[in-house]
Every structure is written in structure tokens, then in C-alpha cells.
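The structure appears below as C-alpha cells.
The values are calculated or read from the model by the stated rules, or taken from the named source; none is laboratory data. These numbers were taken from a predicted model, which means no experiment stands behind them. Cβ sites come from the backbone with ideal geometry, for glycine too, and all protein chains shown count toward neighbours.
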Amino acid sequence: MAADEIVVVQDWRQTEAALLAARAAGTTPTLITPEDAASRYGAGYLGALQARARREFPDVAFTLIVDCGDAPGYALACLRAGVTRISMRTWNEKVADIARQMGAELVRRPS
């Protein structure tokens, strides 16, 4: 796994596998959820996924980006659930500002 590798994850099994591989290789992956994941899986699930990954892999530097589609409501819910990096299909300056105020970040979805 390369340091700049992007890995799509949708559940704990995939997240754990990616982080185990990163630990073994000494890399820092970017994990992204599938498009519109916030509406499919829910903010609570995605916040818990991030929290578990940080708790169980404190030695692995990784980034998790949760895709919120074009839904500001889901984006805000993910921020409230503790997700620190979200992406939206269309840039939303209001959501970006709220994210900054919460110590989080709205980013462009990696391709």
C-alpha cells in the first residue's frame, strides 16, 4: 500500500484490512467512503467507524473522508457525529465554514 493510496471502505472489515496493511507497510492511507455514504449508512455509523479505527489503530496515521453527496443535512450530521473530514459533490461554503468551526474540514473527494 503506497503512502498516497486511496482505499474505498464501507464497513469495519474493509477499514480494518486497509489499516492492517498500512501498519505492516508503514504507510498513511486515505480511506474514503462510497459516494453518498452518509445517506446510506448514517452519520452515527460513520462517526463510530472513524472512532473505532482511531481507537484500534492509534499507531497508523490515516485520513477518513466521508462522502455526503449533495446533502448539507447529512454533512452536518456527520460533523456532529465526530467525523473530521467530509466531502460533498458540490462545494458548500456554509458547510465548509461550520466544519472549520468544529475543528473539521470539508474537502474535495479524491479521485
Query raised in the report: Taking interchain pairs and intrachain pairs at least six residues apart, which have beta carbon atoms under 7 angstrom, with the first residue in the stretch 93-111 and in a loop (DSSP other than H, G, I, E, B) and the second charged (D, E, K, R) and crowded, with 16+ Cβ neighbours inside 10 Å?
Result: ALA104/ARG85; ARG109/ASP67
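Those residues that are part of a loop (DSSP other than H, G, I, E, B), in contact (Cβ under 8 Å) with a residue 12 or more places away in the chain and not polar (S, T, N, Q), I need them from the stretch 12-40; list them, please.
Applying the first criterion (part of a loop (DSSP other than H, G, I, E, B)) to the stretch 12-40 yields 26-29, 33-36.
Filter again for in contact (Cβ under 8 Å) with a residue 12 or more places away in the chain, leaving 27-29, 33-36.
Matches in the stretch 12-40: PRO29, PRO34, GLU35, ASP36.
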**Report entry** Residue in the stretch 101-110 that is at pLDDT 95 or above, charged (D, E, K, R), surrounded by 15 or more Cβ atoms within 10 Å (Cβ to Cβ) and over 18 Å from GLN10 (Cβ atoms) present
**Finding:** yes
Requested in this report: Output the residues belonging to the stretch 28-77 that are surrounded by 17 or more Cβ atoms within 10 Å (Cβ to Cβ), among the β-branched types (Val, Ile, Thr) and over 12 Å from the mean Cα position of the chain (by Cα).
Outcome: VAL60
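Can you find a residue that is of a type outside the set (Asp, Glu), at positive phi and out of contact with any helix residue (DSSP H, G or I) (no Cβ under 6 Å at 6 or more places or on another chain) anywhere in the stretch 10-28?
Step one: list which residues in the stretch 10-28 are of a type outside the set (Asp, Glu), which gives 10, 12-15, 17-28.
Checking which are at positive phi leaves us with 26.
Among the residues that remain, those that are also out of contact with any helix residue (DSSP H, G or I) (no Cβ under 6 Å at 6 or more places or on another chain) are: 26.
The answer is yes, given that some residue of the stretch 10-28 is of a type outside the set (Asp, Glu), at positive phi and out of contact with any helix residue (DSSP H, G or I) (no Cβ under 6 Å at 6 or more places or on another chain).
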